[in-house]
Amino acid sequence: LAQVRGFKMKFKLNAVIASLMGLTISMTASAEDIELYVNHNVETNEKPRVLVVFDTSGSMAFSTATGDDCGNKSGGGWRLCSDSRLGVAKNAMKQLVNDNDDIDFGLMRFNGSSGGYVMARLGSSQDKILDQIEKLPADGATPLTETLWEAYLYITGQKVRYGQNTNQRDFSAETGSKNNDNNSRYISPFEQVLGEPERCDNSVNIILMTDGDPSNDDDANSAIATQYYKHFTDGTGVGYLGGLAKVIHGTDEIEIDLYTNTAEIKDTGRVYAIGFGSGMSPSGKALLEKTAKLGGGQYLHADTAEQLSDAFKNTISRIREVNDSFSSPSVASNNVDQTRSRDAIYFAMFYPETGARWR
C-alpha cells in the first residue's frame, strides 16, 4: 500500500512538473517575437510604381556644360550638342531603369507645345522603357502643367486628352484603339486586375524632369482649377502646377482618392521634381520646389551629368522610404503547436539608407 501511495504521489508530482514545463515552453514560444509563422503563399515582391515625365523641349539639345545651343539643323529645329542635356538625361534615365528592376516604371514626354502623352504605361517591360527612352527627341516647348494634367487623367482613368494628338503613344494604356481615339479612356493603374491580389501600396509616384520654365502651358488651367476647388477652398495662390500636385497628393486634413471605383481603397499619388541645367530661372526653380512640396515629394536641382544621375538615385531612394510595406504580415506562433497563435500581427518595415544599417 505504501508503495502504491508513493507511486501515486510521484506520478502526481511528475505530472505537475511536466505541466509546468509545458506551460513554460508554450509561454516562451508565444512570447518570442522572433518565432514568426509566415504565410509563404503571400506575394511579397510588390513593386513601387514610378511614372517619369521627361522634358523633350528644344532646349534639351543645348550643351550641358555651357547652356548654349549648337545651331539649327538643316531641316529645322536645334542641332544636338555633343554633350546635349538630352543625351545626358537619356543616359541617366537608362541607368536608373537598369539599376532598379524591382520598380514598375512608366514614361511620358512633352508633345510639342500641346501637353504630353504616355509613351510607356506603368508596368511596361524594361526593354520597352529603354527603347522608348532612346526615341526621345529635343523639339518643342515646355508644357509641364499640361503634361502633368495628362498624367493625372491617366492615373485616374479619365478620357485621353493631349495624347489624342499623336499615334506614338502607348495604346495599351487605353481602352480604345488607333481608330477610336476620340472615345478612348485611360486604364488607371489603380484598377484592380481580375485574378490578381490586391496591392498593399496603393500609390503612384510621378517624377517631373525639366530643364526650363513652363512655356505654352495654360490650356489645362481651367480644368485644373475646377478639380482644385472640388477639394480645396484656399485660393489659387499655389499656382496651377502646384495646385494640381496638391490635388494628386492631398493634405494631412484632406485625403484624396484618385480612383473612386475602388471605394474601399484610398489611391494616392506623390509628385517629385528634378530641375536640370542652367536654363531655369529662380522663379522656375521655386515653382518646382513648391510643386514637389505640395505633391508630397521633394525637389532637387542638377547642373552636371553626375548631379542628374545622383538626383534620380536620391529621388528613387526617397520613394523607397515612403513605400508602404516590404514583406507580408506575420503572427507570433507557438512552436510546439502551430495551430495556436497570439492575438498580434507583425509587419517588417525598413527605411532604406545608404549606410550599412537600416532602421
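Asp127: open to solvent by 10 Å² or more (accessible area, probe 1.4 Å), out of contact with any strand residue (DSSP E or B) (no Cβ under 9 Å at 6 or more places or on another chain), part of a helix (DSSP H, G or I) and not aromatic (Phe, Trp, Tyr), yes or no? Considered against the rule, which asks whether it is open to solvent by 10 Å² or more (accessible area, probe 1.4 Å), out of contact with any strand residue (DSSP E or B) (no Cβ under 9 Å at 6 or more places or on another chain), part of a helix (DSSP H, G or I) and not aromatic (Phe, Trp, Tyr), Asp127 comes out as yes. The number of residues in the range 161-210 being open to solvent by less than 10 Å² (accessible area, probe 1.4 Å) and of a type in the set (A, V, I, L, M, F, W, C) comes to 6.
Taking every residue in the range 79-95 that is open to solvent by 30 Å² or more (accessible area, probe 1.4 Å) and pairing it with any residue that is assigned to a loop (DSSP other than H, G, I, E, B), at least 6 positions away or on another chain, the pairs with Cβ-Cβ distances below 6 Å are Arg79/Cys70; Arg79/Gly71; Arg79/Lys73; Asp83/Thr64; Asp83/Ala65. Screening Asp131, Asp170, Asp201 for residues that are over 26 Å from Gly239 (Cβ atoms) and without any contact (Cβ under 8 Å) to a residue 12 or more places away in the chain leaves exactly one candidate, Asp131. I'd like to check something: does the range 123-141 contain any residue that is under 30 Å from Gln227 (Cβ atoms) and in contact with a Pro (Cβ under 6 Å, 6 or more places away or on another chain)? No, every residue in the range 123-141 fails to be under 30 Å from Gln227 (Cβ atoms) and in contact with a Pro (Cβ under 6 Å, 6 or more places away or on another chain). For Tyr240, the criteria (1) of a type in the set (Phe, Trp, Tyr); (2) open to solvent by less than 30 Å² (accessible area, probe 1.4 Å); (3) in contact (Cβ under 8 Å) with a residue 24 or more places away in the chain; (4) under 30 Å from Ser57 (Cα atoms) hold in every case but one, which is (2). Can you pull out every residue in the range 145-160 that is out of contact with any helix residue (DSSP H, G or I) (no Cβ under 7 Å at 6 or more places or on another chain), of a type in the set (Ser, Thr, Tyr) and open to solvent by 10 Å² or more (accessible area, probe 1.4 Å)? The one that is out of contact with any helix residue (DSSP H, G or I) (no Cβ under 7 Å at 6 or more places or on another chain), of a type in the set (Ser, Thr, Tyr) and open to solvent by 10 Å² or more (accessible area, probe 1.4 Å): Thr156. Of the residues making up the range 57-77, at least one is open to solvent by less than 30 Å² (accessible area, probe 1.4 Å) and without any contact (Cβ under 8 Å) to a residue 12 or more places away in the chain.
Within the range 147-158, can one find any residue that is closer than 30 Å to Thr66 by Cα and within 18 Å of the chain's Cα centre (by Cα)?
Looking through the range 147-158, at least one residue is closer than 30 Å to Thr66 by Cα and within 18 Å of the chain's Cα centre (by Cα).
Taken residue by residue, the range 217-236 has at least one member that is surrounded by 14 or more Cβ atoms within 10 Å (Cβ to Cβ), in a loop (DSSP other than H, G, I, E, B) and among the small types (Gly, Ala, Ser).
The values are calculated or read from the model by the stated rules, or taken from the named source; none is laboratory data. Just so we're clear, the structure is a prediction, and the values are computed from it rather than from any experiment. Virtual Cβ from ideal backbone geometry, glycine too; neighbours counted across all protein chains shown. For the accessible areas, the whole protein counts, side chains as well, though only heavy atoms, and no ligand, DNA or RNA atoms are used. Shrake-Rupley method; radii C 1.70, N 1.55, O 1.52, S 1.80 Å.
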